[in-house]
Amino acid sequence: MLQYIAKRILLFIPTLIVISLIAFIINIEAPGDPAARLVNASIGSSETYKINRQQIIEQKRKELGLDLPVFYFSINTLLSTESTGPSWHRYVPVIRFYGTRNQYHKWISGIILHGDFGISYETQLPVINEITTHLPWTLTLSLLSTFLAFGISIPIGMYAARKRGKMFDKFSATGLFILYSLPNFFVASLLLVFFANPQFLGWFPESGVQDATNFNNDWSFWTKIVHWAPYLILPLITYTYSSIAFLSRQMRAGAIEIFDQEYITTARAKGLDEGKILWKHVFRNSLAPIITTFANAFPIAVTGSIIIETLFSIPGMGREIYQAVLNYDYPVIVAIFTIIGFLTLTGYLVSDILYAIADPRISYSKK
């Protein structure tokens with residue numbers, strides 16, 4: 001297993017390089033001059049800026065490393081390196097190497113060594129600060145939603161498979177399909193209207209994550225939890241309901257396939273308790289589709305939901321991505337793209353490990 005994990009990590013390296021190259025190309029090919037945007041945002045239309053505009057921008061370009069070559073090497077033609085020459089020189093390639101003094105090396109080494117994704121065009125702050133500011137709320141909602149969804153859907157799916165074709169299976173299937181068909185913005189709007197509107201029930205706050213006037217950073221951790229809980233209940237329901245519907249049907253399908261196996265029939269013939277058959281034999285061997293879904297939770301845990309976070313005014317990553325796209329804040333967009341790629345690969349690795357743990361028949365070692 002350890003040998004397999006080491007091989008997979010080594011295979012991840014070229015994939016991560018490709019992801020970083022795509023992100024870098026998006027960054028350098030984005031419309032506009034990054035140096036000019038940053039200078040415009042920080043200085044604006046002052047008289048000093050108008051007089052020394054180009055000089056200030058060039059200084060910013062050197063500070064950002066934009067005056068360096070783009071990559072480790074460049075390929076031109078012999079004619080492009082000469083002032084004059086015969087026409088056939090345009091077909092002679094010339095490769096020029098720049099070593100580590102190039103934009104890509106500066107960008108990727110900054111990410112690996114310092115977590116430096118650059119400066120946000122919009123806020124003038126380091127991108128990593130923007131991410132760490134908004135990530136906790138998205139991560140909290142995503143993790144809670146994942147645990148709730150798996151914790152509720154697995155028992156429902158297992159019991160529906162055990163009672164296949166009976167009343168519980170039919171009613172649960174109908175209810176879950178109805179839930180799954182409802183779009184999250186519609187459910188979020190209903191929850192806000194009926195449970196956050198003082199004209200109806202008004203049980204929960206309508207937006208935000210805390211009371212700006214009453215919240216105190218000096219409170220204890222548990223006091224903060226109690227304060228935050230009412231703000232997170234409605235978003236958590238909106239995050240979770242569709243996952244419960246999807247996962248429970250996946251679990252049911254996997255469990256039914258195992259129930260039809262001969263060794264389950266043999267276990268029943270030997271008089272083994274039905275509960276033991278269900279949770280000891282069927283459950284473990286029917287986890288494959290659930291594990292695949294669990295692997296996809298890694299990038300989702302960081303990106304969040306743009307619609308839900310916008311409707312509930314949650315300062316999370318989904319809302320941050322939305323604002324970055326609206327404001328053409330390419331450093332933030334590229335940083336999130338890179339992180340999602342890394343987490344997707346991590347999810348695949350974790351799913352492979354969980355496959356081997358859940359099903360002993362799966363082995364990654366050579367016989």
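Note on THR346 and VAL94: the model spin-label points, each 7 Å out from Cα along the C-beta direction, lie 4.5 nm apart.
With 0.36 nm allotted per residue and the present C-alpha distance subtracted, the GLU63-THR266 stretch has 65.8 nm of extension available.
Think of the chain as a dipole: +1 on every Lys or Arg Cβ, -1 on every Asp or Glu Cβ, centred on the Cα centre; then among VAL193, PHE259, THR15, PHE259 lies furthest on the positive end.
Less than 5 angstrom separates the built amide H of VAL94 from those of ASN76, THR77, LEU78, all sequence-distant by 5 or more or on a different chain.
Backbone amide hydrogens, once placed in the peptide plane, bring ILE119 within less than 5 Å of VAL127, excluding anything fewer than 5 places away on its chain.
Across region 244-261, coupling constants 3J(HN,Hα) worked out from phi with the 6.51/-1.76/1.60 Karplus curve, θ = phi - 60°, read 4, 4, 5, 5, 5, 5, 5, 5, 4, 4, x, 5, 4, 4, 6, 4, 7, 6 Hz, and Gly and Pro carry x. Taken along its principal axes, the alpha carbon cloud of region 166-275 reaches lengths of 66, 33, 18 Å, longest axis first.
Starting from the Cα coordinates of the chain, work out the convex hull volume and express it per residue in Å³.
Here the figure is 251 Å³ per residue.
Taking all protein chains together, TRP219, TRP279 sort by accessible area into TRP279, TRP219, largest first [probe 1.4 Å]. Accessible area per residue for the chain is 58 Å², calculated with a 1.4 Å probe on protein heavy atoms, without ligands, DNA or RNA. Placing unit charges on the Cβ atoms of the charged side chains and taking the dipole of the chain about its Cα centre, the candidate lying farthest along the positive direction among TYR121, VAL334, MET158 is MET158.
Accessible surface comparison of TYR104, TYR328, probe 1.4 Å, protein chains only, largest first: the order is TYR328, TYR104.
The values are calculated or read from the model by the stated rules, or taken from the named source; none is laboratory data. Not measured: the values here are computed from a predicted model. Glycine gets a Cβ as well: all are built from the backbone with ideal geometry, and neighbour counts include every protein chain shown. Note: areas computed on protein heavy atoms with side chains; ligands, DNA, RNA excluded. Shrake-Rupley method; radii C 1.70, N 1.55, O 1.52, S 1.80 Å.
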